[in-house]
Each structure stands twice: as structure tokens, then as C-alpha cells.
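For reference, the structure discussed in these notes is given below.
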């Protein structure tokens, strides 16, 4: 019998839980009918979950509910939550990677708490100083992996090198047929541009290019992130977070302005009828729910954070992400990639 | 007689010069018929300019051409350009603030060279360590001033405080009827978020709020830049440059995807006919040429850098920016604002 992919899901984190979580798991299976090797460990209030789960027809004989009534609240600080939060649905969903051989954990709860708990339970990989938070960012050709998105406000050269290897591993586990192409986010593309940190990382990545699985494409500027020439964008957590949120803000500003323009008079309203399907496709292509899910990289097990405010559709894409990175053997790939750094260090 | 606003324009920098520069000056006057107190000092190849200028009907008796045949090339490094570039159109257009009492200088040439030359000729203001590059960024309500956009890769607390005062002065000189509202760009809004540099600047700006002309609104995240609650966004040059370019890239990505969607089939093509004016208005509102022009702040005279690749319309908005900041007495306002910092330092 084929080994199952076991996805541990915290059902209680984020808005509209556990409904959106169950709906998301169900939607993922509905969209991917060929997936028959997926098994869910659900962590939440068992009596509540049992009442709700019957309406999801793809959730049958492919899950086990673990009663965890304690919910990690969004308002508490990381430390006090952890004190209270042992045996919470979040804690148990992570712990199941140790106790129940779960392959990956998914939660829509508080990011900071999830990161601290994950570090405590799963531990950081040897050779990695700081785990990073990676996300997906659409580009013209397909998709970028971007990291760090905010886990590490300040970074060292070693961190950026680790991020490059871990980001490439993530990219390859998601898109096994494509080559990972790493770029460092900077304010110009000439070798002399940017901070000392970036220049040091640049020269190291140039050497690593020969040892690694990825092609190093040099520096990239913010206006080129979406052009698809690179697909692993590496930066410190401060810059990455600002860039991601600025892109989000710009996209919202533009689409709102467009909406206003298209509903301002009768003619433009008529135009919506004619362009309905095209606009729907446009919206669909850029729907942020499709990129929902940030991945903690550098821990001994994979943890995915869904946006707290997303809906069932958004959550289903986080489930898909979990399935893909488990199937794509992310952790193995990361270990293998990190060994390239060791090889380089030994030879130089 | 009313004193004229004297705008010194380097006619030779950037693409399609001197045509776009002359066209821009002419377009500015055409758009602002009430402006009768504007006088241009044009620096460029006199014989070439004389041939071209006759077709611009608003350029009559309101300019003087200064023959400057040397052009600052885009390919040279700042230092070698400066050696060769003394007596270039760029150099002379800056020097005219000293020799000819010009109020402001405008060039579409190389940014780095323009900054170095401006510093050499005009000198940095007392009490300012590092001049900054400020730009305009549309928001829901009106317009933001954002700085630094790349002049200073690494910044100190003092720099960010100076930027806040100088950015507020710029905002007030452009929009005299509105209150300047300063925010620090960060990755969260809680006081504890971000780097030590930001937390230090935060507590100083909170005190300065009482002495200054601006309201301090605390931290702002990238996704809130366009919501209009703040209008002076302060950050270091690295982060500011990444944010600006990421916003540009996102806007291009979205509008290109939209264009493709709207021309993919007959129905969507028909829709364009019905929405023509609305889409035009949408495009018009967000036309980057309207925000063309970055301002060097912290020098003893104001210098504006137009985008090198813009056209006559884009250049005309840089001319307008020059006129407004000269009319709004930017340098006086900056001096006055910087004195608030001194007052605070003396009292605490």
C-alpha cells in the first residue's frame, strides 16, 4: 500500500474556524480528484467538528479527529500563549509531527505564536541559525518563492545564503520540473550596489552557484519581481515584509480605482456585461487566495501558516501547499541543499 | 512688479532632449494659464534650442538660453563626469542658483551625477547630515511625499528625524492647506515592532510632534501607504527604493494582465468601447507621468530630478513641481522645520 501524506490541521485558529478549515480540506480534495493518498489529522473541539464534518462529502475515512479544546487566542503574547497553549489545537497539531508521524502542520492562527511553538517542538535544523518565512508571489511565467517575509528583521550573510538554499528547495518541491533561479533583492543590479551585507552575500552566492541546485541571477530590483526571470527572491525579513505589503496595497488601490471607474456611468456598467468573463479571469488569475500560505523554512518539520482572515477557498490552497511540499520531500531537499554550503566552505 | 519664479532647466539630460524639456515647459504654461510669473533659464546647445523653440507658443519673452554644449553622459561614473562635466548644461543649471539667482533647478539627466554636482555647488544645509531623495506617491485622498527613495542606503536616527521635518516642509509647500502627517514605514504598527533605529526614531518623533508642524501618526505598513491617513512616509533609502519599485512593478503587472484580459476575445473587445472613457479616466488618474519628479531635500537650494525616459507631458509635471516648491518657499520651510529639532534638543 502506498504511504499516505499525513497533514495535521489546527482547526481552531483564524476567523470562521473550524468551518473554513474543514471546507478547505474538502475543497482541496474536490479540486484534486486524483489525490487518494492524503490523510488528515484534525485538531479541534471534537463534538463541534463531528457535527459539522458530515456535510463535506470528500471527508470520509480519510481523517482522524483529536480532541483539543484549548484555542490559542490572537490577543495574547507569544510567551503567555505558550504557557496556556500547551495542549491547544495549535500545539497538538505541531506535536503530531513527533508523536503521530504527521508530515506537515497547517494553522491559520497567530503567526508569532505558531513560529515560537514550532521552534520549541520541532527545533531548528542543524546548520541553520534562523528559520525564515517564505511566501508565494505570482510572476508573468508562473510563481516566485519570496523570503524572508518578516521572521527576521535583521539578517546576516549566512542567513541570506541559507534562505537561498532553503527557498530553492521549496521552489523545487513545488515545481519539480523547473530550475530554481535565485536573486537578491536590491536597489540596483550592478555588483557595487546596496549594503555590505548584500555585496558579501552576492559574492558567496556566485561561488555557490557551481555547487548548488540553483542558478544565481544576481540582484533584482522591486519592479522586476514579477517578470519571471528569477523565481526565488531572497531578502531580509524587514525588506521582504515591506515589499510584500506594498505590493498588496498597490494591487488593492488599483483594483478599487478600476472598480470605481467601471461603475461610474451607464456605459461603463454595460461594458462590465461584455467583459464579464475576461474580468473574472483577470480577478481569478490574481486572486490572493490562490497564493495563501506562508511556509516556515529551517525547522526539522514543515509548518504552513494560512492567512487568518481567508475563507474556505483560500484555506484549500494552503492545504494544497502542504500536500505538495510533503509529496515533494521539502525537508530532504533542504538538507541536501544546505550540504552544498558545507561543501563550498570546505573547499574554499 | 511681482518677482518672477526662475526655473533653471538642464535641456540636455535624459532621452529625447531638448525636445521633451521644451515641450514640457510649454505644456506646463498651457495647463496653468494663470501663471504669469514664471521665467525659464534654459541650459543647452543654443543653436539647436533656438531652432526648436519657435514652435512652442507659450515660450515667448519668458526665457533666456545659456549656451552649454557639454552634455553629462549617462554612462560615465559620477566622478569622471564631474571632471568633464563642469560647464555642462547640468552643472550650469545648478550653478545658476548661485550666479543668476535661479530659484530651483530641474534635470532629467543621471541621478547620481546630479546629486553629486548639486552637493558640490549648493552644499548641504547646516544641521543636515545627508540630503534625501523624496518622491510623490498617490493615495486615496490626494498625494503622499515618500522619502528617502535611494540617496542613503543606511540611515541613522538623526537622518530619519531630518527626513520627517524636510518631508513635511515639502508636503506643506505643495499643499499649503493640508496638515502634514508623518508615518515611519515599518512591518507592524505596535511600538515594539521593527529595528532599534525605528524604535528610537519613533520615540523622538512622538516628542517632536509637539514642537513641529506635523502630526506624528506612528508606524505604517506597506499595505496602508495608499490609504491617505498619513501623507509623509519616512524610511531609509534602501527600503524606500524597494517599496517604490515594487509598487511600480505591481502596477505594471496588474495593468498588463488587465489589458491582456480585455483584448482576448470579441466580447471583451466590445466592452472596451463601452468603458473607453472610464478606462481612460482610470489610466489618467494613475498615470505615473503625473507624479514625475524626485526632489533632493537638504541642500541649500532645491533640485528636481525628472525621470530620464519620460515624455513632454511627464516633464511638464516636473516643471510644475519646481514652480510649486519655489512658490511655496520650500527652503525657508525646511529651515524653519529643522529649527524645531534644535528646540527639542535644547529643551530635553
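Could you pull out the residue among B:141, B:245 that is within 14 Å of chain A (Cβ to nearest Cβ), over 22 Å from residue B:302 (Cβ atoms) and free of Cβ contacts under 8 Å to residues at least 12 places away in the same chain?
Every option except B:245 fails the conditions.
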Subject >> Selection within the stretch A:113-138 - out of contact with any strand residue (DSSP E or B) (no Cβ under 6 Å at 6 or more places or on another chain) and under 24 Å from residue A:25 (Cα atoms) >> reply: A:113, A:115, A:117, A:138
Original post:
Which condition breaks for residue B:222 when tested against (1) within 7 Å of chain A (Cβ to nearest Cβ); (2) under 18 Å from the mean Cα position of the chain (by Cα); (3) surrounded by 21 or more Cβ atoms within 10 Å (Cβ to Cβ)?
Top reply: (2)
Subject >> Top-ranked residue of the stretch B:300-310 - restricted to ones that are surrounded by 24 or more Cβ atoms within 10 Å (Cβ to Cβ) and over 25 Å from residue B:252 (Cα atoms), ranked as nearest to the other protein chains (Cβ to nearest Cβ) >> reply: B:303
Original post:
Could we say that residue B:175 is away from chain A (no Cβ under 14 Å) and without any contact (Cβ under 8 Å) to a residue 60 or more places away in the chain here?
Top reply: yes
**OP:** Check whether at least one residue in the stretch A:33-50 is part of a loop (DSSP other than H, G, I, E, B) and more than 24 Å from residue A:321 (Cα to Cα), and report yes or no.
**Re:** yes
**OP:** Take the stretch A:112-127 and flag every residue that is surrounded by fewer than 22 Cβ atoms within 10 Å (Cβ to Cβ) and within 14 Å of residue A:151 (Cα to Cα).
**Re:** A:112, A:115, A:116, A:119, A:124
Original post:
In the stretch B:143-173, how many residues are surrounded by fewer than 21 Cβ atoms within 10 Å (Cβ to Cβ) and out of contact with any strand residue (DSSP E or B) (no Cβ under 7 Å at 6 or more places or on another chain)?
Top reply: 5
Original post:
Which condition does residue B:161 not pass, out of (1) away from chain A (no Cβ under 14 Å); (2) within 25 Å of residue B:24 (Cβ to Cβ), if it passes all the others?
Top reply: (2)
Original post:
Name the residues in the stretch B:257-290 that are more than 7 Å from every other protein chain (Cβ to nearest Cβ) and either at pLDDT 85 or above or surrounded by 21 or more Cβ atoms within 10 Å (Cβ to Cβ) (or both), would you?
Top reply: B:289, B:290
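Confirm whether residue A:140 is surrounded by fewer than 19 Cβ atoms within 10 Å (Cβ to Cβ) and either more than 16 Å from the chain's Cα centre (by Cα) or within 19 Å of residue A:226 (Cα to Cα) (or both). Quick ask: steps written out before the conclusion?
Details: surrounded by fewer than 19 Cβ atoms within 10 Å (Cβ to Cβ): yes; either more than 16 Å from the chain's Cα centre (by Cα) or within 19 Å of residue A:226 (Cα to Cα) (or both): yes.
Criteria met by residue A:140.
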Original post:
Yes or no: residue A:200 more than 7 Å from every other protein chain (Cβ to nearest Cβ), touching a strand residue (DSSP E or B) at 6+ places or on another chain (Cβ under 7 Å) and modelled with pLDDT of 85 or more?
Top reply: no
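The values are calculated or read from the model by the stated rules, or taken from the named source; none is laboratory data. Just so it is clear, the model here is predicted, and its values are computed rather than measured. Note that each Cβ is placed from the backbone with ideal geometry, even for glycine, and that neighbours are counted across all protein chains shown.
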